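Participant: Below you'll find the structure I mean.
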């Protein structure tokens, strides 16, 4: 808990230095300066994980360099794990900061509230205006100033093996109980396969596990009279966590101390019957270099069903993009952000299974079963608590630790009470 509190304080303290730096780095250029092309530079872009496909990165690099002669674009891939701490360190340094960063939509409020990003409020119309996903614009806005804009969204849905369903005599489940029963059946029917999961749930995977908390009516935290308190020890959350523990024990063969990275690896090793993952996983599986295209015909999808038969409330995941307030290349960085929000770029993102930042481009997701599952899953999707310090909660790993302890058979009530105290300590 001490580490968690220090992290929350550390973000605010480190990024407060941004406001104390050279004001010229974040101010709009004079009119006569903005009319001229900015000085060429190497622009550094942080993208997180494999969500943005390589072919789209290649297009972005080529197009940016053509539109900005003499400048280059360097894309540096970051792991989601530990991102908050790396951003805290890098954004506070004029010499180390990347120019443009991708940040999780649930992490954005922590950084926007301390002035880590450049003001884009007056440029929103040029970037898409009312066509941008409203909740993501809200996540990137603090005190009336928008400094992080939508990049893409996406809700996870269930990927399943059609052949394994057929072998076990299963139909696509339409309720949460049917889903749980199918997961257990798949695990039992494939017991001869080492590490097999009827439902793949690595021990650290709170992002997917929270769907079961939400479906039961629980939540991570609630705000009352201006104070946040953890909500994992409520009866509703306890019910959801109990289901998570039973899935760990009876349906999952994933390591109890692992995260949800690279799901195509166990899928392609025939170790997964079902998994709850974002749409981009489709392309990882159907990729000859890292996946198993031969299994693609056996891959089906459906939204995780809730207790009431409607889609369960999964995380409305996704990212914002922002310009570092300490970037020495403000105009070039803005040119990059504008290119990343162009119709051409966002259409490519949609065709890769990622919900585009612009509402008008949603039809580009297509009409196949994958697109329909994405739409259905998003219909009841939720966000983590809208607290300014939520990124500190994620960065502290209290949620990963909680789920690992639950996976290893810990007492749910005691673990929840301890997590509630740590969450409240960070949020207030």
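Participant: Helices (runs of 4 or more DSSP H) wholly in region 197-306 with at least 2 residues that are in contact (Cβ under 8 Å) with a residue 60 or more places away in the chain and within 30 Å of residue 418 (Cα to Cα) - which ones?
Facilitator: On the way: elements: 206-215, 235-250, 264-268, 281-285.
So the answer is 206-215, 235-250.
Participant: Any idea how many residues of region 64-93 are more than 21 Å from residue 106 (Cβ to Cβ), touching a residue at least 24 places away in the same chain (Cβ under 8 Å) and in contact with a strand residue (DSSP E or B) (Cβ under 9 Å, 6 or more places away or on another chain)?
Facilitator: Here the count works out to 8.
Participant: Might you let me know whether region 229-251 holds any residue that is closer than 23 Å to residue 82 by Cα and crowded, with 23+ Cβ neighbours inside 10 Å? Walk me through it before giving the result.
Facilitator: Initial filter on region 229-251 (closer than 23 Å to residue 82 by Cα): 230.
Those still in the list that are crowded, with 23+ Cβ neighbours inside 10 Å too: 230.
Yes, region 229-251 contains at least one residue that is closer than 23 Å to residue 82 by Cα and crowded, with 23+ Cβ neighbours inside 10 Å.
Quick grid of which residues meet (1) buried (at least 22 other Cβ atoms within 10 Å of the Cβ); (2) outside any strand (DSSP E or B):
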site	(1), (2)
52	yes, yes
74	no, no
90	no, yes
97	yes, yes
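Participant: For residue 184, state whether it is farther than 23 Å from residue 258 by Cα and in contact (Cβ under 8 Å) with a residue 60 or more places away in the chain. Break it down stepwise before answering.
Facilitator: On the way: farther than 23 Å from residue 258 by Cα: no; in contact (Cβ under 8 Å) with a residue 60 or more places away in the chain: yes.
Against the criterion (farther than 23 Å from residue 258 by Cα and in contact (Cβ under 8 Å) with a residue 60 or more places away in the chain), residue 184 does not qualify.
Participant: With outside any helix (DSSP H, G or I) and over 16 Å from the mean Cα position of the chain (by Cα) as the only criterion, which of 380, 335 stands out?
Facilitator: Details: 335 fails: outside any helix (DSSP H, G or I).
Answer to the check: 380.
Participant: May I ask you to say which residue of 387, 371, 392 is surrounded by fewer than 22 Cβ atoms within 10 Å (Cβ to Cβ), over 24 Å from residue 276 (Cα atoms), under 22 Å from the mean Cα position of the chain (by Cα) and modelled with pLDDT under 95? Give the derivation first.
Facilitator: Numbers: 371 fails: over 24 Å from residue 276 (Cα atoms); 392 fails: surrounded by fewer than 22 Cβ atoms within 10 Å (Cβ to Cβ).
Sole residue among the options that is surrounded by fewer than 22 Cβ atoms within 10 Å (Cβ to Cβ), over 24 Å from residue 276 (Cα atoms), under 22 Å from the mean Cα position of the chain (by Cα) and modelled with pLDDT under 95: 387.
Participant: To continue, here is another question. Mind listing just one residue for me: the one in region 124-151 that is in contact (Cβ under 8 Å) with a residue 40 or more places away in the chain and farther than 17 Å from residue 103 by Cα and, of those, farthest from the chain's Cα centre (by Cα)?
Facilitator: Just the residues of region 124-151 that are in contact (Cβ under 8 Å) with a residue 40 or more places away in the chain, to begin with: 126-128, 131-133, 135-136, 139-140, 142, 147-151.
If we keep only those that are farther than 17 Å from residue 103 by Cα too, we end up with 126-128, 131.
Values: 126: 25, 127: 22, 128: 22, 131: 21 Å.
The residue in question is 126.
Participant: Just the residues that are outside any loop (DSSP other than H, G, I, E, B) and surrounded by fewer than 17 Cβ atoms within 10 Å (Cβ to Cβ), please, taken from region 164-183. Let's see the steps before the verdict.
Facilitator: Looking only at region 164-183, we keep the residues that are outside any loop (DSSP other than H, G, I, E, B), and these are 164-167, 176-183.
Selection gives 166, 167, 177, 178, 181.
The values are calculated or read from the model by the stated rules, or taken from the named source; none is laboratory data. Computed from a predicted structure; not experimentally measured. Methodologically, a virtual Cβ is constructed for each residue, glycine included, from the backbone with ideal geometry; neighbour enumeration extends over all protein chains shown.
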